[in-house]
Amino acid sequence: MRVLTLHEGRWEMSRLKVVLVFGARPQFIKSATVIRELIRYRINLTIVHSGQHYYSEMSDVFFSELKIPPPTVNLQVGSGSHAMQTAAILKRLEAVLVKAKPAIVIVPGDTNTTLAAALCAAKLAMPVAHIEAGLRSGDMTMPEEINRILTDHCSSLLFAPTQTAASNLKKEGLRKLTHLTGDTMVDVLESAFPLAERRQTSILDRFKLKARAYVLVTLHRPSNVDDPIRLGQILLGLRRVADKLPVLFPVHPRTRARFANLGVLTKSKHTNIAMVPPQGYIETLALLKNASCILTDSGGMQKESFLLHVPCLTLRSTTEWPETLVSGSNRLVPNPKDLPREILSVAFNEDLRRRLHQLKNPFGDGHTSRRIARIIERTVNHR
Ligand code: UD1
C-alpha cells in the first residue's frame, strides 16, 4: 500500500496511514485480533489510546495479555462527565489526526471514546470505519445507545457483527455502507481460550473456588450502580444467593466508588462473597467458563457466556445482543429483587446446560478480524 505523494516539492513513496482509536477495556479486547491482522496486511497503523481507562487492571493488562502493540499516542483524558470526556477526546485527537492525515480512522465499540473519535474524524472529512456497528438496545437512556447511533451515522464503513445488526443498519438507510463481517470477540476468545484452559486450575485455586460451584458477577452500568437504593437491593440479593453458592465479584472502579459512598466494605463480611479487583481477560475467560452462572450488565459478557455455554442473567431491561436471548442462554432480569430466585433457578439446571451446548453461534466463524483487515486494506488502496 505505497503511494506517490508530493512532499516539499519532491515525489516520495509513502504508505497511507490508518489510525485506530480506543480507550476503554472492552475496546482493547475487541480490537486485539483486528490489530494483529492489520499488521499482517502491512497496514501503516497508528494506535491512539484516549486514556478513558487508565488503571493498569483496566488497560495495561489487556495490552500485555493480548499482545497489543503499545499505543503511539495516549491522549490521557481520564475520567469526567460524558460531556467533559467526549469533548477532551475531540479536542486532543484533532491535532493527532490533522498531523497523521490517515486514509481511514477505525473506531471499535460504543464508548465515549468511540463517539468522540468518529465525530472528530468525520468533521475533518476523514472516512470512519466502525467495528461492531448496528447494535441497538432501543434504550436511549443508555449512554452507549447514543454513542452507537451517532457513530454509525457518521461512518463510511460499517462492520456489523450479526445479521440483526446488519438489518438494523438497513432500516436506518445505511445498507450500502454495511459489511456483515461477524464479531471480532469470537476471534479473540478463540485465540486466548487455550491459555485460559491451561491456567484455569490455578485461577480457581487462587479464589478458593470449585468448577461449576460459584456465581460470577460483574456490574458497572450507571443504571445499576449509581442509584444507592438499587445497589443496596442488588447487594441484598447477592447475600441471599451467597448463603447457597459462593459469589465472585470482580469490582469495576465505578462500582467500587459507589460501594465506598454507601459505606459498603468491598472486603465483604459475608465470607461467601469475594469482592476482588477487576480481572484480566485470560482470568475472566477461565472464571466464566467454570461458573455455575453469570450475573452481569456488560454487553461482552452476555456474548462470552453464550459462546462458552454458561447460563447468563443480565441485570437490565434491554440488551443490544438479542441473539443471546435464546433457549435461556441469557435472561433479562430488570428487578434486583428477583435475583436470588433467578440465579438459583439457572445455576443448578443441567438440562439448560445441555441445551446451551447445542445452540448455533450467530456471532461469526472466528475469521472476522481478517475479513475487516482485508476490507480496510482494499479501501485504503483504492483511495
Ligand atoms: C465505560 C463505557 C462502557 C463500557 C465500560 C467498560 C462509556 C459511556 N461507557 O464505562 O460502555 O462498558 O467502560 O468498563 O464510554 N475509573 C477508574 N479508573 C479507570 C477507569 C475508570 O477509576 O481506569 C473510574 C472513574 O471513577 C470513572 C468511572 O470509573 O469516573 C467510570 O469510568 P468511565 O470510563 O467514565 O465509564 P465506565 O463506567 O468504565
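For each pair in K17/K303; K289/K360; K17/K91; K30/K289, compute the distance between the two Cα atoms and list the pairs where it is over 24 Å.
Values: K17/K303 32 Å; K289/K360 18 Å; K17/K91 21 Å; K30/K289 19 Å.
Where the Cα-Cα span goes over 24 Å, the pairs concerned are K17/K303.
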Lys/Arg +1, Asp/Glu -1 at C-beta; the chain dipole; positive extreme among V333, V19, T178 = V19
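Add -39500 (n - 2.57) for each DSSP H run of 4 or more in the chain, then divide by its residues: what number comes out at 222 nm, to the nearest 500 deg cm²/dmol? Intermediate results must be reported in sequence, preceding the final value.
Values: 15 runs with 175 residues, N = 383.
Per the formula, -14000 deg cm²/dmol.
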request  = Over the alpha-carbon set of the range 21-157, work out the extent along each principal axis and list the three values in angstrom, largest first.
outcome  = 37, 33, 27
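With +1 on each Lys and Arg Cβ and -1 on each Asp and Glu Cβ, and nothing else charged, work out how big the dipole of the chain is about its Cα centre, in Debye to the nearest 20.
The calculation lands at about 340 debye.
Output the DSSP H helices from the chain with an along-axis C-alpha extent of no less than 15 Å and a mean Kyte-Doolittle hydropathy no less than 0.0.
Working: long enough: 25-40 (24 Å, -0.09); 82-100 (26 Å, 0.63); 112-123 (16 Å, 0.86); 143-153 (16 Å, -1.02); 184-206 (30 Å, -0.13); 228-242 (21 Å, 0.72); 368-381 (20 Å, -0.55).
Result, helices passing both filters: 82-100, 112-123, 228-242.
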request  = Could you give the spread of the C-alpha atoms of the range 193-356 along their three principal axes, from largest to smallest, in whole angstroms?
outcome  = 39, 33, 26
inquiry  = For the pair R341/D205, report the inter-label distance in nm, with labels modelled 7 Å from Cα in the Cβ direction.
reply    = 4.2
request  = Could you tell me which chymotrypsin sites (Phe, Trp or Tyr not before Pro) in the range 46-140 are loop residues by DSSP with no more than 13 other beta carbons within 10 angstrom of their beta carbon?
outcome  = Y55
task = Please give, to one decimal in nm, the separation of the simple spin-label points placed at L90 and V326, each 7 Å out from Cα toward the Cβ.
result = 4.0
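Looking at the range 267-351, which trypsin sites (Lys or Arg not before Pro) are in a loop (DSSP not H, G, I, E or B) and have at most 10 other Cβ atoms within 10 Å?
Working: sites: K267, K269, K289, K303, R316, R331, K337, R341; in loops: K267, K269, R316.
Passing both the DSSP loop test and the Cβ count: K267, K269.
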request  = Any chance you could run the full-extension gain for K244 through Y41? It's 0.36 nm times the residue separation minus the Cα-Cα distance, nm to one decimal.
outcome  = 67.9 nm
ask   = With point charges of +1 on the Cβ of Lys and Arg and -1 on the Cβ of Asp and Glu, referenced to the Cα centre of the chain, which listed residue (I343, G364, I376) lies farthest in the positive direction of the dipole?
value = I376
query = Can you sort S317, S202 by how many other beta carbons sit within 10 Å, fewest first?
reply = S202, S317
task = Could I have the simple spin-label model distance between K123 and H153, label points 7 Å from Cα toward Cβ, reported in nm to one decimal?
result = 1.7
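Rule-of-thumb check for the range 266-383: C-alpha Rg over 2.2 N^0.38 Å? Could you put the intermediate results ahead of the total?
Numbers: Rg = 17.5 Å, N = 118, 2.2 N^0.38 = 13.5 Å.
So the Cα radius of gyration is 1.30 times the expected 2.2 N^0.38 Å.
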remark   = Any trypsin sites (Lys or Arg not before Pro) in the range 45-98 that lie in a DSSP loop and have at most 13 other Cβ atoms within 10 Å would be K67
ask   = Going by how many other Cβ atoms sit within 10 Å of their own, how do E132, E172 line up, fewest first?
value = E172, E132
request  = Using only the alpha carbons, work out the radius of gyration and Dmax of the chain in angstrom.
outcome  = 21.1, 76
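Mind sorting I89, I149, I104 by how few other Cβ atoms lie within 10 Å of their own Cβ, fewest first?
Numbers: I89 27, I149 17, I104 23.
So the ranking, lowest neighbour count to highest, is I149, I104, I89.
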query = Based only on Cα atoms, what Rg/Rh ratio does the range 110-223 have, Rh being taken as Kirkwood's radius?
reply = 1.11
inquiry  = Taking the Cα centre as origin and putting +1 on Lys and Arg beta-carbons and -1 on Asp and Glu beta-carbons, what dipole magnitude results for the range 193-356, to the nearest 20 debye?
reply    = 440
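Throughout, read-outs are computed from the coordinates displayed, never taken from laboratory work. Note that the structure is predicted; figures quoted are calculated from it, not measured. Virtual Cβ from ideal backbone geometry, glycine too; neighbours counted across all protein chains shown.
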